[in-house]
1. May I ask you to verify whether A:S47 is out of contact with any strand residue (DSSP E or B) (no Cβ under 7 Å at 6 or more places or on another chain), within 14 Å of chain B (Cβ to nearest Cβ) and either within 12 Å of A:I166 (Cβ to Cβ) or modelled with pLDDT of 90 or more (or both)?
2. Starting from residues that are more than 10 Å from every other protein chain (Cβ to nearest Cβ), under 29 Å from the mean Cα position of the chain (by Cα) and open to solvent by 60 Å² or more (accessible area, probe 1.4 Å), keep the ones in the range B:198-217 and report whichever is nearest to A:L112 (Cα to Cα).
3. If you go through the range A:50-86, how many residues are in contact with a Lys or Arg (Cβ under 6 Å, 6 or more places away or on another chain) and away from chain B (no Cβ under 12 Å)?
4. Among the listed residues A:V248, A:V200, identify the single one that is assigned to a strand (DSSP E or B), open to solvent by less than 50 Å² (accessible area, probe 1.4 Å), touching a residue at least 24 places away in the same chain (Cβ under 8 Å) and not aromatic (F, W, Y).
5. Would you confirm, using the coordinates I've provided, whether B:M220 is at pLDDT 90 or above and open to solvent by 70 Å² or more (accessible area, probe 1.4 Å)?
6. Do we find that A:Y91 is closer than 30 Å to A:V130 by Cα and within 16 Å of ligand 2 (Cβ to nearest atom) in this structure?
7. Inside the range A:11-44, can you point out the residues that are of a type outside the set (G, A, S) and within 14 Å of chain B (Cβ to nearest Cβ)?
8. Out of curiosity, is A:F66 closer than 25 Å to A:E169 by Cβ and away from ligand 1 (no atom under 16 Å from the Cβ)?
Amino acid sequence: MLISVKNVNYVYGSGTAYETQALKDINLEIDQGEFIGIIGHTGSGKSTLIQHLNGLMKATSGTIFFDGKDIYEKGYSMKQLRSKVGLVFQYPEHQLFETDIFRDVCFGPKNLGLPKEEVERRAKDALREVGIDEKLFDQSPFDLSGGQKRRVAIAGVLAMEPQVLILDEPTAGLDPKGRNEILEQISMLHREKKITVILVSHSMEDVAKYVDRIIVMNQGELMYNDAPREVFRHYKELEKVGLAAPQVTYIMNRLKEKCLAVNTDATTIEEAKEEILKALKQRSIHLPGNR
Amino acid sequence: MIRDITLGQYYPIDSVIHRLDPRVKLVSTLIFVISLFMFKNFSGYIAATLFLFGIIKLSKVPFRYMVKGLKAVLILLMITVVFNLFLTPGKPIFEFWIVTITDEGLKTAGFMAIRLTYLIIGSSIMTLTTTPNNLTDGLEDLMRPLSKVRVPVHEIAMMMSIALRFIPILLEETDKIMKAQIARGADFESGNIVQKAKSLVPLLVPLFVSAFRRANDLAMAMEARCYRGGEGRTKMKPLIYQANDYRAYALNAAYLIAVIVIQRL
Ligand SMILES: Nc1ncnc2c1ncn2[C@@H]1O[C@H](COP(=O)(O)OP(=O)(O)OP(=O)(O)O)[C@@H](O)[C@H]1O
Ligand SMILES: [Mg+2]
């Protein structure tokens, strides 16, 4: 077990008029190498939860274990934890500050106290991984397009070579092409470097395509924590909390209701296509008189 | 972390004081502050205390919120008290080595402490019970006569309300950027002064960039809605005095008269 969250509660502004309980008794386990999606309505506590995982926020009660060690124990090095659990915030391009891209990406590994060559190697690798051309390295980060800025910012965290990469809505505000490119690159990192990825998102479609497991948050509580197909079975309940299953799930369910004996577990368009073709084929076998 | 600063923040509940016209609250605060500096003897303070605690009770804001504002000026308060205590000439009542405390000094220091404390609490009541927007509306209205002598009253009020509106936004932004940089291994706490100043660069640059971006967006949005200054501009919620506001003015007058009378005794 890489990360294990035990009975974590978090209250914002406790003792004031603005008191809100953002996390309610969260229990969660995350294994090495998993690709996890966290989904929830606005204000459901997703951002709050992920900031606990690298120690930026301290739980009001409960504990978190990383690699078997209690991170709230006295003497536990938060700095080391943060180098192992990389967190990319929502709109990460707002944190860029250096005069050129390359230096900005070097900031993270430099803070780890690595030698200069190692810092530069990591920065180069990270920028390559997110698809930033070497020609752009000495440009000001403020002269880039929105999508490019986003990649540079993600590279800034990747350059620390974390074991776990957490991304808070990395595709917010991007066009469909930019969105797909970033998600593909993240998915590739997961496959090739075997890093554990936690992806916070609003889009069920995105999540369904890439992740092994979905965590659904609702008003600070963990509502579902299961494989995508299992979670999407509850599409009616998801609707009640302001979410929706991927469109494919709806189509498959309607088909099944109306006429066609399809398996409704398909979560992506490709799977759905296979399922429908299979069901159609079976039907033509059973009804030999059909055209 | 940074959000915990509450000095001058609005406390959102419903009370008689919250519902008062902001102009009344501004004038009352001014009267109260002036009265604090009129007192020369102890009985005046009894009147001020009664008045102040009456208002606190009516405002329904928890007392610890008022005191929170005091923490920020505690040092100033202590310095004032110490200076007054030791450096006021008069009849010595306590002498030790080079330290002399006089009768006069004790009295001045005590009065000074009470004055400053009441001053802070009095003005916190105003900011705790009035939204920043209301406050600037009130100010604009009270300062209107000054526009006759070419003081840009509307512009000043608009700048104030924008500035006030931006404080929490910028604080939140600071918090966010700080966290993002800490996640990249930044260290804002340790090191000597030079290192600390240097470590602020990754915080300040994005903060300025974002402040300019927001200012730009705001200017754009205002222009898109045809904002063109205060000339002939009407208000969605014009300030109109209610019965309670006149009662509050009357109460203020009564308080002022009481204070003057007590001083004469
Ligand atoms: N700094 C803060 N101070 C007080 N309350 C906060 C703060 N940040 C978040 N909250 C509250 O905590 C709850 C959870 O917020 P959080 O940011 O974790 O939601 P989220 O799921 O990330 O939402 P979104 O999808 O909009 O990013 C919300 O009710 C929010 O109002
Ligand atoms: Mg969020």
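1. No.
2. Within the range B:198-217, the match that is nearest to A:L112 (Cα to Cα) is B:L200.
3. Counting residues in the range A:50-86 that are in contact with a Lys or Arg (Cβ under 6 Å, 6 or more places away or on another chain) and away from chain B (no Cβ under 12 Å) gives 2.
4. After ruling out the rest, the residue left standing is A:V200.
5. It is true that B:M220 is at pLDDT 90 or above and open to solvent by 70 Å² or more (accessible area, probe 1.4 Å).
6. yes
7. Across the range A:11-44, the qualifying residues are A:V11, A:Y12, A:T16, A:Y18, A:E19, A:T20.
8. In short, yes.
The values are calculated or read from the model by the stated rules, or taken from the named source; none is laboratory data. No experiment lies behind these values; they were computed from the predicted model shown. Note: ideal-geometry Cβ built from the backbone for every residue, glycine included; neighbour counts use all protein chains shown. These area figures cover heavy atoms from the full protein model, side chains too; ligands, DNA and RNA do not enter into them. Shrake-Rupley method; radii C 1.70, N 1.55, O 1.52, S 1.80 Å.
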